[in-house]
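These notes are about the structure you will find just below.
The values are calculated or read from the model by the stated rules, or taken from the named source; none is laboratory data. Note that this is a predicted model, so its numbers are computed, not measured. Reconstructed Cβ throughout: ideal geometry from the backbone, glycine too, with neighbour counts over all protein chains shown.
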There are 2 protein chains.
Amino acid sequence: MTEYLSELAQGLKPYVPGEQPSDRQYIKLNTNENPYGPSHQVKLAIEEEIGSLRLYPDPDCVALRDRVAAYYGVSRENVFVGNGSDEVLAFAFPAFFTSGTVLFPNITYSFYPVYSDLFKTKYMEIPLKEDFSIDPADYCGFGTAGEMPDDQADGMHEGRIRGILIPNPNAPTGKCLAPEAVEQIVKANRDKVVLIDEAYIDFGGVSAVGLTERYENLLVVMTLSKSRALAGLRVGFAIGGKKLIDGLNAVKNSFNSYTVDRLALAGAAAAIEDGRYFMQTRDMIIATRERVAAALCDIGFKVVPSQANFVFISHPTVRAQAIFEELRGMGILVRYFNKPLIDNYLRVTIGTDEEMDRFLSAVREIAALR
Amino acid sequence: MTEYLSELAQGLKPYVPGEQPSDRQYIKLNTNENPYGPSHQVKLAIEEEIGSLRLYPDPDCVALRDRVAAYYGVSRENVFVGNGSDEVLAFAFPAFFTSGTVLFPNITYSFYPVYSDLFKTKYMEIPLKEDFSIDPADYCGFGTAGEMPDDQADGMHEGRIRGILIPNPNAPTGKCLAPEAVEQIVKANRDKVVLIDEAYIDFGGVSAVGLTERYENLLVVMTLSKSRALAGLRVGFAIGGKKLIDGLNAVKNSFNSYTVDRLALAGAAAAIEDGRYFMQTRDMIIATRERVAAALCDIGFKVVPSQANFVFISHPTVRAQAIFEELRGMGILVRYFNKPLIDNYLRVTIGTDEEMDRFLSAVREIAALR
């Protein structure tokens with residue numbers, strides 16, 4: 001048989017996103033979507049832009065970068081915009097990590113090892129502590145040279161630790177690092193790129209964006225899919241020093257000049273503009289999360305303290321996979337990862353109060369039957 | 001100084017798209033945009049989809065793939081959808097060509113060598129004939145093993161010719177290969193992936209899609225940016241055998257699960273649906289092209305016969321760069337490539353009849369002054 005696929009492509013094990021079934025109506029608590037939808041300003045901005053679709057978008061995304069820069073108090077040259085934060089993260093691998101090693105937690109966003117394989121980057125998984133927290137000390141002390149311990153490195157160049165990638169809050173745990181812990185890691189690794197993936201930061205964490213002015217090795221990645229409720233529009237961005245932004249641009253402009261379309265640029269800018277709506281809906285989600293977490297504890301679940309728009313839960317007697325399947329049968333989708341260390345946990349997105357009440361009734365029923 | 005960028009990123013020379021200046025109103029004939037805009041159905045479809053933006057798009061783009069499949073008489077499994085044909089082409093490199101050599105014309109879409117560098121693929125440029133045509137014989141006769149001639153290969157594996165990439169019509173020349181010539185190339189290279197980039201096919205060429213059923217090594221790439229007037233929406237697709245589509249999916253799903261947003265999926269499907277509007281506007285552009293080509297000949301230009309929505313022209317006495325600059329001063333943008341063999345040519349997009357009349361008046365004036 002003729003092999004048309006490259007060896008690389010033959011070896012890839014793609015990321016599998018949460019299912020989007022259409023066989024029936026589900027309460028979708030499986031992909032961390034925002035139950036409240038985007039600001040009405042987004043709709044207006046998109047409708048206004050439809051008339052310009054015959055023209056290419058601005059490849060440099062200047063208007064949106066200016067909006068992001070103003071919101072976070074940085075400059076345009078410190079902002080990169082991509083087709084979802086997934087694309088921004090994907091570009092970071094060839095921009096910074098390729099031909100070296102990148103460190104990330106052993107329990108984390110499962111796309112990181114997939115990017116590593118696509119861009120032929122070695123990675124080393126750093127174990128979380130038993131309570132699923134990240135110990136910043138585990139990411140320090142690699143020395144200024146950033147060399148791997150001898151037994152892990154196969155040659156000076158290949159073995160060099162080029163970067164650190166930490167989601168804050170972490171996913172799927174929802175646990176957050178304090179700003180001092182993030183700074184400790186960034187400060188101890190000035191010769192490496194430290195990428196903080198803040199997809200969920202708006203739901204309770206403190207952003208590291210304020211540190212980017214002092215640390216040119218820090219890149220903060222964010223998305224509009226969660227707190228801005230624009231998962232369907234695909235916009236993410238990175239904030240960091242000009243050198244790092246230049247690196248992302250070099251890769252992006254060698255891949256696709258226009259990765260963010262006109263409607264996405266317009267809608268994203270409008271979403272960032274409407275700060276009041278953002279805060280209202282974010283606060284609603286946080287309030288629901290706290291209420292749901294308390295109710296789950298009452299039912300007997302172990303609930304990992306979350307600063308995200310989801311909770312990570314485990315039941316002492318009913319297996320997570322069984323709960324997952326029973327919920328599915330009842331029309332409620334949550335996320336189950338069949339992976340070591342977390343295969344008895346479920347990640348449950350925070351929906352509306354009504355959706356969460358139905359979820360709570362369902363798990364109460366499932367737990368009571370055992 | 002600390003080098004945060006990878007060696008790869010430091011060495012990249014990104015593609016430079018046609019300028020999109022905003023300092024004044026221009027007649028934009030520099031990026032092959034469609035002057036007539038998309039079908040009104042696109043607007044309606046997008047407006048209807050805005051209410052769903054809180055939800056992720058379908059990562060498998062099933063509805064749009066079904067629409068494309070129905071239009072071209074193929075199956076869903078033969079269709080891949082991406083964020084512009086640029087993204088589809090970018091994915092093709094790691095999917096098929098990486099660690100081998102790919103052949104493409106020496107005068108062609110200047111993104112091809114950029115993709116090659118990003119994905120560490122060797123390439124060999126095959127010279128066009130003097131009249132800018134592609135000689136299919138130049139792409140045949142590499143033998144079933146697909147080995148490079150000894151003096152060009154550095155090792156069996158690295159030197160293997162893994163693929164052939166030909167735009168049809170070619171850009172920036174606009175010249176088209178006959179269907180028999182395309183088949184000759186595909187047939188002679190059954191052990192390699194032959195990628196035909198049909199970004200401009202609707203303006204006069206014959207698509208190779210009909211051959212995909214018989215040749216599993218053929219992949220045809222198309223875009224909605226030109227003939228469907230959706231440059232601002234970023235949608236492209238590929239049609240080919242299931243193996244090749246699987247390869248593109250493996251790479252895409254290792255890069256970004258959702259590269260095409262909800263509005264793009266909806267708008268693209270509506271554009272393909274409205275065949276009548278498509279044919280009307282395409283015919284208008286072809287008619288204008290023929291009229292403009294004849295007028296340019298009358299003024300004294302050499303006009304390369306075009307089957308695209310642009311013409312590639314050269315003047316016997318006035319240098320292309322001078323014309324480019326004078327036109328720019330007069331508020332008319334065309335594309336000038338400062339590259340060997342074509343540095344005395346201009347690529348001029350076909351706009352509305354009114355825009356082209358203003359362009360013709362301007363070049364008449366410029367030519368008369370010399």
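What pairs come out if I take residues in region A:241-252 that are without any contact (Cβ under 8 Å) to a residue 40 or more places away in the chain and pair them with residues that are of a type in the set (A, V, I, L, M) whose C-beta lies under 6 Å away, six or more apart or interchain?
none
Looking only at region B:3-22, count how many residues are more than 7 Å from every other protein chain (Cβ to nearest Cβ) and within 21 Å of B:ALA231 (Cα to Cα).
Pass one, region B:3-22, residues more than 7 Å from every other protein chain (Cβ to nearest Cβ): B:3, B:10-11, B:13, B:16, B:18-19, B:21-22.
Still in the running and within 21 Å of B:ALA231 (Cα to Cα): B:16, B:18-19, B:21-22.
Residues flagged as more than 7 Å from every other protein chain (Cβ to nearest Cβ) and within 21 Å of B:ALA231 (Cα to Cα) within region B:3-22 amount to 5.
Quick test for you: out of B:ALA271, B:ALA266, B:ALA308, pick the one residue that is under 15 Å from A:ARG54 (Cβ atoms), more than 9 Å from every other protein chain (Cβ to nearest Cβ) and among the aliphatic types (A, V, I, L, M).
Checking each option against the conditions leaves just B:ALA271.
Taking region A:237-247 only, how many residues are at the interface with chain B (Cβ under 10 Å from one of its Cβ atoms) and either in a loop (DSSP other than H, G, I, E, B) or surrounded by fewer than 24 Cβ atoms within 10 Å (Cβ to Cβ) (or both)?
Here is the first cut: in region A:237-247, the ones at the interface with chain B (Cβ under 10 Å from one of its Cβ atoms) are A:240-241, A:243-244, A:246-247.
Keeping just the survivors that are either in a loop (DSSP other than H, G, I, E, B) or surrounded by fewer than 24 Cβ atoms within 10 Å (Cβ to Cβ) (or both) gives A:241, A:243, A:246.
Residues that pass the stated criteria total 3.
To keep it simple, each residue is scored yes or no on (1) buried (at least 18 other Cβ atoms within 10 Å of the Cβ); (2) under 27 Å from B:LEU224 (Cβ atoms); (3) not polar (S, T, N, Q).
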residue: B:ALA269; (1), (2), (3): yes, yes, yes
residue: B:MET284; (1), (2), (3): no, yes, yes
residue: B:VAL304; (1), (2), (3): yes, yes, yes
residue: B:ASN309; (1), (2), (3): yes, yes, no
residue: B:VAL334; (1), (2), (3): yes, yes, yes
residue: B:ARG347; (1), (2), (3): yes, yes, yes
residue: B:ARG364; (1), (2), (3): no, no, yes
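Applying the selection to region B:60-85, what residues are buried (at least 21 other Cβ atoms within 10 Å of the Cβ) and either small (Gly, Ala, Ser) or at the interface with chain A (Cβ under 10 Å from one of its Cβ atoms) (or both)?
Hits for region B:60-85 are B:GLY82, B:ASN83, B:GLY84, B:SER85.
Please find, within region A:199-236, the residue that is farthest from the other protein chains (Cβ to nearest Cβ) out of those that are more than 15 Å from the chain's Cα centre (by Cα) and not in a loop (DSSP other than H, G, I, E, B).
Ranking the qualifying residues of region A:199-236, first place goes to A:GLY210.
Does at least one position in region A:268-284 carry a residue that is in contact with a Gly (Cβ under 8 Å, 6 or more places away or on another chain), under 29 Å from A:ALA45 (Cα atoms) and at pLDDT 95 or above?
No, because not a single residue in region A:268-284 is in contact with a Gly (Cβ under 8 Å, 6 or more places away or on another chain), under 29 Å from A:ALA45 (Cα atoms) and at pLDDT 95 or above.
Out of the residues in region B:49-58 that are over 26 Å from the mean Cα position of the chain (by Cα) and at the interface with chain A (Cβ under 7 Å from one of its Cβ atoms), state the one that is surrounded by the fewest Cβ atoms within 10 Å (Cβ to Cβ).
The extreme case among them is B:SER52.
How many of the residues in region B:25-48 are within 8 Å of chain A (Cβ to nearest Cβ) and in contact with a helix residue (DSSP H, G or I) (Cβ under 6 Å, 6 or more places away or on another chain)?
Narrowing region B:25-48 to residues within 8 Å of chain A (Cβ to nearest Cβ): B:28, B:31, B:33-38, B:42-43, B:46-47.
In the following step, the residues that additionally are in contact with a helix residue (DSSP H, G or I) (Cβ under 6 Å, 6 or more places away or on another chain) were identified as B:36, B:38, B:42-43, B:46.
Residues that pass the stated criteria total 5.
Being in the same structural domain as A:VAL363 (by TED's automatic domain parsing), surrounded by fewer than 19 Cβ atoms within 10 Å (Cβ to Cβ) and in contact with a helix residue (DSSP H, G or I) (Cβ under 8 Å, 6 or more places away or on another chain) is the requirement here; does A:SER314 meet it?
yes
Can you name every residue in region B:103-123 that is over 19 Å from B:PRO14 (Cβ atoms) and either within 12 Å of chain A (Cβ to nearest Cβ) or part of a loop (DSSP other than H, G, I, E, B) (or both)?
Residues satisfying the conditions are B:ASN106, B:ILE107.
In region A:101-128, what residues are in contact with a helix residue (DSSP H, G or I) (Cβ under 6 Å, 6 or more places away or on another chain) and under 18 Å from A:ALA199 (Cα atoms)?
Hits for region A:101-128 are A:PHE104, A:TYR115.
Please indicate, with yes or no, whether at least one residue in region A:342-363 is more than 21 Å from A:GLY204 (Cβ to Cβ) and modelled with pLDDT under 95.
Within region A:342-363, none of the residues are more than 21 Å from A:GLY204 (Cβ to Cβ) and modelled with pLDDT under 95.
Please state which one of A:ARG228, A:ARG190, A:ARG234 is of a type in the set (Lys, Arg) and surrounded by fewer than 24 Cβ atoms within 10 Å (Cβ to Cβ).
A:ARG190
Would you be able to say whether some residue in region B:16-35 is over 20 Å from B:LEU346 (Cβ atoms) and touching an Asp or Glu at 6+ places or on another chain (Cβ under 6 Å)?
Looking for residues that are over 20 Å from B:LEU346 (Cβ atoms) and touching an Asp or Glu at 6+ places or on another chain (Cβ under 6 Å), one finds none in region B:16-35, hence no.
Restricting the search to region B:86-102, which residues are part of a helix (DSSP H, G or I), more than 13 Å from the chain's Cα centre (by Cα) and more than 9 Å from every other protein chain (Cβ to nearest Cβ)?
Hits for region B:86-102 are B:PHE91, B:ALA92.
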